[in-house]
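What follows is one structure encoded as structure tokens, with my remarks underneath.
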Amino acid sequence: MVDINFTPFPILTTERLTLRQLSIDDTQNIFALRSDAEINKYLDREPCKTIDDAINFIKKINYNVKNNNSIYWVISLTRTKTFVGTICLFDFSNEKNSCEIGYELMTKFQGQGIMKEAAQVVIDYVFQTLKVEKILAFTHYENQDSTNLLLKFNFVKSLETDKENPNLNIFTLAQ
Ligand SMILES: CC(C)(COP(=O)(O)OP(=O)(O)OC[C@H]1O[C@@H](n2cnc3c(N)ncnc32)[C@H](O)[C@@H]1OP(=O)(O)O)[C@@H](O)C(=O)NCCC(=O)NCCS
């Protein structure tokens, strides 16, 4: 794995999408995303309860990006600049030459192939730019939409589940 540096922030683009850095202007959308019961259904996280939770989350994310611990993109529609979701890479391991991927879409933007388009450009970025050789994804065994997405990219499901939460299947994509 080469040295990872997320400054300047790597903006990624696809046919329909711009993947850009999170900012304080995204507070309302982050609150909407992280307080939505349907989006959180299979996610092992503390939901946002207040706007302050969303502001603190944004600060924490950008601190981690600045320190090259993780990277987090807002997925927006290029034509209208609409915030439709997020995608991130975290838990970088030099030893295993790996990182983990996470993603979420506002419910009204699901079922349009948006995450497939975003994940493709992020996977290419991991393998070609970061030169990280393995991507892990942990997803709840009942989370069919997430599992379908991973299978589209030929992620392979491990026989073992997550030790801390056995409901999470572990998927791996190696270059
Ligand atoms: C996981 C998640 C991002 C998947 O979103 P998604 O919209 O189903 O994923 P995709 O972008 O791959 O879209 C696939 C769907 O779009 C349809 N589609 C429509 N237009 C398309 C196009 N131009 N290209 C590709 N697919 C298209 C596909 O047929 C497919 O629909 P189907 O599932 O009914 O067959 C979404 O369910 C989500 O945000 N869940 C909550 C958060 C979460 O659980 N995250 C995972 C954590 S591990």
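The values are calculated or read from the model by the stated rules, or taken from the named source; none is laboratory data. The structure presented is a predicted model; accordingly, all values stated were derived computationally and were not measured. So basically every Cβ, Gly included, is an ideal-geometry build from the backbone, and we count neighbours across all protein chains shown.
Within the option set Asn143, Asn165, being in contact (Cβ under 8 Å) with a residue 60 or more places away in the chain and either over 21 Å from Asp44 (Cβ atoms) or surrounded by fewer than 17 Cβ atoms within 10 Å (Cβ to Cβ) (or both) holds for one residue only, Asn165. Restricting the search to region 86-97, which residues are surrounded by fewer than 19 Cβ atoms within 10 Å (Cβ to Cβ) and either without any contact (Cβ under 8 Å) to a residue 40 or more places away in the chain or assigned to a loop (DSSP other than H, G, I, E, B) (or both)? Those that are surrounded by fewer than 19 Cβ atoms within 10 Å (Cβ to Cβ) and either without any contact (Cβ under 8 Å) to a residue 40 or more places away in the chain or assigned to a loop (DSSP other than H, G, I, E, B) (or both): Phe90, Ser93, Asn94, Glu95, Lys96, Asn97. Scanning region 11-20 for residues that are out of contact with any helix residue (DSSP H, G or I) (no Cβ under 7 Å at 6 or more places or on another chain) and crowded, with 16+ Cβ neighbours inside 10 Å returns Thr18, Arg20.
Of all residues in region 101-127, those that are farther than 23 Å from Pro47 by Cα and among the basic types (Lys, Arg) have Cβ atoms under 9 Å from Cβ atoms of residues that are more than 8 Å from the ligand (Cβ to nearest atom) and modelled with pLDDT of 95 or more, 6 or more apart or on another chain, in Lys116/Phe153.
Restricting attention to region 29-40, the residues that are surrounded by fewer than 18 Cβ atoms within 10 Å (Cβ to Cβ) and in contact (Cβ under 8 Å) with a residue 12 or more places away in the chain add up to 4.
Restricting Lys81, Lys60 to residues that are under 25 Å from Ile135 (Cα atoms) and not in a strand (DSSP E or B) narrows the list to Lys60.
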